[in-house]
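Right, one structure below, let's go through it.
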Amino acid sequence: SHSPLCPPGIKCGGVLSAPSGNFSSPNFPGLYPYETECTWLIVVAEGSSVLLSFSHFELEYHDACAYDYLQVYNGAARDRGNLLGTFCGHRPPPPFSSAWHVMAVVFRSDRHVAKHGFAAAYRKDACGGQLTGLSGEITSPRYPESYPNDAECRWSIGGASGGGPLTLVFADFQMEGGQGCGFDYVALFDGPTVTAPRLGRYCGSARPPRTISSTPHLLIIFKSDFNIGGRGFKAHFYSAGECQEVFTTIKGNFSSPQYPNFYPNNLKCQWSIQLPLRYRIKVFFLDMELEGRSSLTGGCDYDHLSAFDGGTENGSLLGRWCGRESLAPVTSRSNRLLLVLHTDRNTAKRGFSVSYVGVVPMNVSCTRTDFHIQIPVQSLAQLERNRIYLGTPSCAAQVVGRNFKIHTRFDTCGTESQRRNNTSVIVSTLYIDFSAGDQEDIHQYEVQCEPKRKEASVTLIAGPDPSRFSQAENLVDAQQREGEAMDTREIKSQDTSDIVFISICILAGLLMVIAVVGLVLL
């Protein structure tokens, strides 16, 4: 059944699987019908890409192409992470090369103003091409079967609007080897042509390292000689400048590429936080929306964010998340933490935004009357002692040996008595002032003592952004209870002055008993 304006024989949309072909808007070169939506899915042999070009183009114009439009997608899914562009008006879209063997084209018209539409042609490109998407996959011809002899392919990646440096990651690599890679090889160039600086030349079966260009362009050349082949290679690329970052500041924040807009597909991004020794790192999730869990396994099998302790993916996994989850903060056990975002080839979402703060190593204990706070000087090496104070600036730390020390009585330094869980506790706030220049940056820790049991604890109450914290986050987490500087067992240790006092009392008691017995015997 055809729309009254569609002459018989012209189908609207469909699957195009021939190695080359043409398609056009319904009724072309006449006016296209109103309220029409067509999707063409172009599928060529795996290992090839689709070259798409437009010979005619005339759609109703709108600034944001909100009325009539044509969209080109990298891959089968109509997915924002795969969108190569949305077009309308009189300017034809540029030629496109898909980043894999599937491409989708969607045409939509509204109920007003019809134009002549478009005519497009596509062909299978055996290898190579101009790739403009934010992410994609490239493979050697016929991969994973053995590649042909005497092949030469050029992939020129880049030119995406707002594109930053490009990252290229090889998932598989197996080619003929040889001294100097003179037979079969893959060569990478830091720009659109072979005159750009060479980033590497690879052959054999060792996977090339992850490569990051310094420009928004990357040229990949694959060449094979007249004999001896191999499986070839499979690699994926992405343009996401904010995808590989290392943080060494005491606090910071970062988000997924293009946040709050949809992140690209096919990413593997890494954010490494590295702080001085004995620090721990607390990460706060401000917002998160990734592709949801797998309906088959219930796991985060598609897009996911993972946190690893110790700065590498070999470290212990602190968590793995996906979907729309409201997450509790995560604290590392060491001074290094790695966050890794994996996205697959479809279904992109808004992504995530996080902030982190370094937890200063400190030892807090108390007696029935006093607080004792101790922080290694090397942990706060750049700070003057007056930047560390309890309650008020007049109660600043002293430098004793290799430590900043604060030793104060409960009736000073803004200390107050409160009842918590039917227990009387003494509470004060420790301020550590990291401010520099005009940037105010004061971290606050609540120190608490239960005088009866002489138990002290410390809690970070203001770090990256105090307005984000609905409640204080206690740093003496269960994970940290094993043999750390802030170990509560250590904090519980009895004050020695009390032990001496009790010993004297017992001794005096014994002497009195001896004296009484002596008198009786006399």
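The values are calculated or read from the model by the stated rules, or taken from the named source; none is laboratory data. These figures come from a predicted structure and were not determined experimentally. Reconstructed Cβ throughout: ideal geometry from the backbone, glycine too, with neighbour counts over all protein chains shown. Surface accessibility is based on the protein's heavy atoms, side chains included, excluding ligands, DNA and RNA. Shrake-Rupley method; radii C 1.70, N 1.55, O 1.52, S 1.80 Å.
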Spot the failing condition for Asp411; the list is (1) over 30 Å from Arg80 (Cβ atoms); (2) at pLDDT 90 or above; (3) not in a helix (DSSP H, G or I), and only one is missed.
(2)
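For region 336-357, give me each residue that is open to solvent by 30 Å² or more (accessible area, probe 1.4 Å) and either over 13 Å from Leu290 (Cα atoms) or in a loop (DSSP other than H, G, I, E, B) (or both).
Here is the first cut: in region 336-357, the ones open to solvent by 30 Å² or more (accessible area, probe 1.4 Å) are 336, 342, 344-347, 349-350.
Selection gives Arg336, Asp344, Arg345, Asn346, Thr347, Lys349, Arg350.
Go through region 414-435 and give me each residue that's of a type in the set (Ser, Thr, Tyr), closer than 19 Å to Arg368 by Cβ and assigned to a strand (DSSP E or B). Steps first, please.
Pass one, region 414-435, residues of a type in the set (Ser, Thr, Tyr): 415, 417, 423-424, 428-429, 431, 435.
Checking which are closer than 19 Å to Arg368 by Cβ leaves us with 415, 417, 423-424, 428.
Residues satisfying the conditions are Ser417, Thr423, Ser424, Ser428.
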Would you check if there is a residue in region 110-126 being part of a loop (DSSP other than H, G, I, E, B), over 18 Å from Ser53 (Cβ atoms), in contact with a Leu (Cβ under 8 Å, 6 or more places away or on another chain) and at pLDDT 85 or above?
yes
Would you check which residues across region 193-213 are open to solvent by 50 Å² or more (accessible area, probe 1.4 Å), in a loop (DSSP other than H, G, I, E, B) and modelled with pLDDT of 90 or more and list them?
Thr193, Val194, Thr195, Pro197, Ser205, Ala206, Arg207, Pro209
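Taking the stated definitions as given, is Thr297 out of contact with any strand residue (DSSP E or B) (no Cβ under 9 Å at 6 or more places or on another chain) and not assigned by the TED database to the domain that holds Arg80? It would help to see each step written out before you state the result.
Working: out of contact with any strand residue (DSSP E or B) (no Cβ under 9 Å at 6 or more places or on another chain): yes; not assigned by the TED database to the domain that holds Arg80: yes.
Yes, satisfied.
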Test set (1) closer than 26 Å to Ser135 by Cα; (2) buried (at least 22 other Cβ atoms within 10 Å of the Cβ) - Arg280 fails condition number:
(1)
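Does any residue of region 306-314 turn out to be open to solvent by 10 Å² or more (accessible area, probe 1.4 Å), over 19 Å from Asn403 (Cα atoms) and of a type in the set (Phe, Trp, Tyr)?
yes
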The conditions are (1) touching a strand residue (DSSP E or B) at 6+ places or on another chain (Cβ under 6 Å); (2) of a type in the set (A, V, I, L, M, F, W, C); (3) touching a residue at least 60 places away in the same chain (Cβ under 8 Å), and Phe226 fails exactly one of them. Which is it?
(1)
If you go through region 241-275 one residue at a time, how many are without any contact (Cβ under 8 Å) to a residue 60 or more places away in the chain and either open to solvent by less than 50 Å² (accessible area, probe 1.4 Å) or in contact with an Asp or Glu (Cβ under 9 Å, 6 or more places away or on another chain) (or both)?
0
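Per-residue answers, yes or no, for (1) assigned to a strand (DSSP E or B); (2) closer than 30 Å to Asp303 by Cα; (3) touching a residue at least 60 places away in the same chain (Cβ under 8 Å); (4) polar (S, T, N, Q):
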| residue | (1), (2), (3), (4) |
| --- | --- |
| Glu60 | no, no, no, no |
| Asp63 | no, no, no, no |
| Leu84 | yes, yes, no, no |
| Phe107 | yes, yes, yes, no |
| Gly136 | yes, yes, yes, no |
| Pro144 | no, yes, yes, no |
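Just to verify a result, which residue in region 156-169, among those that are open to solvent by 10 Å² or more (accessible area, probe 1.4 Å) and modelled with pLDDT of 85 or more, is farthest from Leu267 (Cα to Cα)? Lay out the reasoning, then the answer.
Taking region 156-169 first, the residues open to solvent by 10 Å² or more (accessible area, probe 1.4 Å) are 156, 159-165, 169.
Applying the additional criterion that residues be modelled with pLDDT of 85 or more yields 156, 169.
Details: Ser156: 19, Val169: 10 Å.
Out of the qualifying residues, it is Ser156.
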On the given criteria, is Phe96 at pLDDT 85 or above and either hydrophobic (A, V, I, L, M, F, W, C) or surrounded by fewer than 21 Cβ atoms within 10 Å (Cβ to Cβ) (or both)?
no
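Test Val364 against the criterion of being open to solvent by 10 Å² or more (accessible area, probe 1.4 Å), part of a strand (DSSP E or B) and of a type in the set (Val, Ile, Thr), and give yes or no. Quick ask: steps written out before the conclusion?
Working: open to solvent by 10 Å² or more (accessible area, probe 1.4 Å): no; part of a strand (DSSP E or B): yes; of a type in the set (Val, Ile, Thr): yes.
Taking the combined requirement at face value, the residue does not satisfy it.
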